[in-house]
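First up is the structure itself, then whatever we jot down about it.
Laboratory data are not the source of any read-out in this text; all were calculated from the coordinates shown. Quick caveat: nothing in here was measured; it's all calculated off a predicted structure. Cβ placement follows ideal geometry from the backbone for every residue including glycine, while neighbour counts extend to all protein chains displayed.
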């Protein structure tokens, strides 16, 4: 599993179970349930590296759409609406992508606004 050593399998399963239905994904709730909220900046950066499939240093909309599949290959893709909400929450400069930066890490650790 890609998140071995960072997250517990049971927590990931619980988080995925909570958003099986289309349009049920809530990034704040997902990160709390899977255990990523409150992790160290290093762990957040490891998670970011897994989600950043093309290793561009950014998570683009297409990568975000497949976000849940990073946790389980059989997970569903996010709907367009879910993807747009998620992207808006993490796009700190309006460029249409999410970068791993201090704001992202602090959001995950304290408020959990986005990955």
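Quick notes on this one:
- Once both labels are positioned 7 Å from their Cα atoms along Cα-to-Cβ, the gap between residue 80 and residue 17 label points is 3.3 nm.
- Packing rank of 50-57, 27-34, where each peptide gets the mean count of other beta carbons within 10 Å, highest leading: 27-34, 50-57
- Globularity ratio of the chain, using Cα Rg and 2.2 N^0.38 Å: 0.94
- Sum of -39500 (n - 2.57) over DSSP H runs of 4+, divided by residues of the chain (222 nm, nearest 500): -11500 deg cm²/dmol
- Available extension along the chain between residue 28 and residue 93 is 21.4 nm, counting 0.36 nm per residue and deducting the alpha carbon span.
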